[in-house]
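Worksheet: the structure to be examined is printed underneath.
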């Protein structure tokens, strides 16, 4: 009989079956929410879930909380039992409930903005409203990595018109926090990457801060490179700083060198990067939006962009760099950002060290005016710092380089770096280069005609950089240098035998160096267009 007592009992039993105990699964899924159900779980069987289904996990009573996640199915009860719902570290933190709480799981609705992604795949131009909707859904974890890949590939293959890049940048900035330093001039510099050892930010920041300009530098950790600014700076000082402490340091010291992950600045960008990097997706429009969104969210008003150009750099030809510069300037101008772009020589690594501890050595040699300091790193840093100093209305055009050089030579830059390190919290642990070492030698006599940036980065990463701070590659020769047969070109450093073996094997297949009979033209000390 409908509505009778037996029906009520059955409904109560069904409700209990739909309720699972929350369990924290100690797996870092990096920017993706993942849920885990046992294959023999009644909910898994009755709801028709499949692996990679998008699900909604929610509480059933009181103040409801929910999180969206991609489902993984397990057969091991030590991961998740039949009466449990497991959540990865990120998803568990977002839900904000203790283990053992009762939760329910159901099929998640498709994000509304997927329609815009489908239109982009078909080659349509998207509006600001479309990009805002996509940004909201991505930040709310409504997109799986598969759906984000579809969005990124559609932007790469169909291309982004310059207005679309502007819209995407706006949407990225609006989806997170935005810092306001309360000053009319907040400077920053950024290199688009692709050149190993290019640790100029750690020199530009203390020079510019010593001049008195505000330059709060927040950097990312390395993802595909052997070291990022934050990885190298972490050997000197704490880089993971709470926003309140970061503000205090910048107010007192006029600058910082910190990791940007502690502030919620353009969070959509961080999520998309987690998908882009493994796929080696780096379309010009997406890159411009990513860089400018982060800088605008960090409160920058004046920005210098460095685009290295070379056969193994991210940008290979000057014409391509000039197109990229126009796109940067178009977007920056419409978002109220004073932006200048310099095109520099990217035919080889900058400095000698590739990897955190080796790059830090180069930086400190330049700051300390050591005669052994890499001249190319010193010169490039001075040129970049000079251009940033010329944002100051009291500095006349062309005077910036001389002012930067005086600040460095006088010791004011190293003193400012020491003050910043002390304010951020000195790292007491001293890291040395890896104990396993191997020298790669020249196969013939001649001159260094080419150095493959990508290959040198691969070798350094296989050696263990940036995870192993002492791992990397130390260059003995640069473009145009003469070499004799059997003379060392560079030394590989590693801490673990497996990494050491992998790096050696790769270097034996391709050293990354090209030796020729004629001396090539040496790179200019700093090339700007």
Exercise for the section: Answer yes or no: is there a residue in segment 372-385 that is free of Cβ contacts under 8 Å to residues at least 24 places away in the same chain and surrounded by fewer than 21 Cβ atoms within 10 Å (Cβ to Cβ). Expected result: yes
Practice task
Quick one: which helices (runs of 4 or more DSSP H) lie wholly within segment 210-280 and hold at least 1 residues that are at pLDDT 85 or above and closer than 16 Å to residue 200 by Cα?
Solution key: 229-233
Handout entry: Boolean, residue 284 is touching a helix residue (DSSP H, G or I) at 6+ places or on another chain (Cβ under 8 Å), buried (at least 18 other Cβ atoms within 10 Å of the Cβ) and farther than 17 Å from residue 190 by Cβ
Key = no
Fill in the blank from the handout: Note on segment 250-272: residues more than 12 Å from the chain's Cα centre (by Cα), over 22 Å from residue 170 (Cβ atoms) and buried (at least 21 other Cβ atoms within 10 Å of the Cβ) are 250, 253, 254, 255, 256, 257, 258
Handout entry: Residue selected from segment 1-31 under the condition touching a strand residue (DSSP E or B) at 6+ places or on another chain (Cβ under 7 Å) and more than 14 Å from residue 86 (Cβ to Cβ), by the criterion modelled with the lowest pLDDT
Key = 18
Exercise for the section: Inspect all residues belonging to segment 273-280 and state whether any of them is farther than 27 Å from residue 141 by Cα, surrounded by fewer than 22 Cβ atoms within 10 Å (Cβ to Cβ) and outside the structural domain of residue 459 (by TED's automatic domain parsing). Expected result: no
Handout entry: Hits in segment 172-190 (condition: in a strand (DSSP E or B) and farther than 19 Å from residue 408 by Cβ)
Key = 177, 186, 188, 190
Practice task
Give me a count of the residues in segment 35-50 that are in contact with a helix residue (DSSP H, G or I) (Cβ under 6 Å, 6 or more places away or on another chain) and at pLDDT 95 or above.
Solution key: 1
Fill in the blank from the handout: Counting only residues in segment 125-146 that are surrounded by fewer than 17 Cβ atoms within 10 Å (Cβ to Cβ) and modelled with pLDDT of 95 or more, the one nearest to residue 54 (Cα to Cα) is identified as 129
Problem - First in segment 319-330 and free of Cβ contacts under 8 Å to residues at least 12 places away in the same chain, second anywhere and surrounded by 16 or more Cβ atoms within 10 Å (Cβ to Cβ) and part of a helix (DSSP H, G or I), Cβ under 9 Å, 6 or more apart - result: 320/284
Exercise for the section: From 421, 429, grab the single residue that is in contact with a strand residue (DSSP E or B) (Cβ under 7 Å, 6 or more places away or on another chain) and either surrounded by 15 or more Cβ atoms within 10 Å (Cβ to Cβ) or at pLDDT below 95 (or both). Expected result: 421
Exercise for the section: Please state which of the following conditions residue 124 fails to meet, knowing it meets all the rest: (1) closer than 27 Å to residue 28 by Cα; (2) part of a loop (DSSP other than H, G, I, E, B); (3) free of Cβ contacts under 8 Å to residues at least 40 places away in the same chain. Expected result: (1)
Fill in the blank from the handout: So, first residue more than 18 Å from residue 47 (Cα to Cα) and not assigned by TED's automatic domain parsing to the domain that holds residue 90 in segment 16-34, second residue part of a helix (DSSP H, G or I) and at pLDDT below 90, Cβ within less than 8 Å, six or more apart or across chains; the pairs are none
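The values are calculated or read from the model by the stated rules, or taken from the named source; none is laboratory data. Keep in mind that what you see is a predicted model, and the values were worked out from it rather than measured. Positions of Cβ are generated from backbone atoms using ideal geometry, with glycine treated the same way; all protein chains shown enter the neighbour counts.
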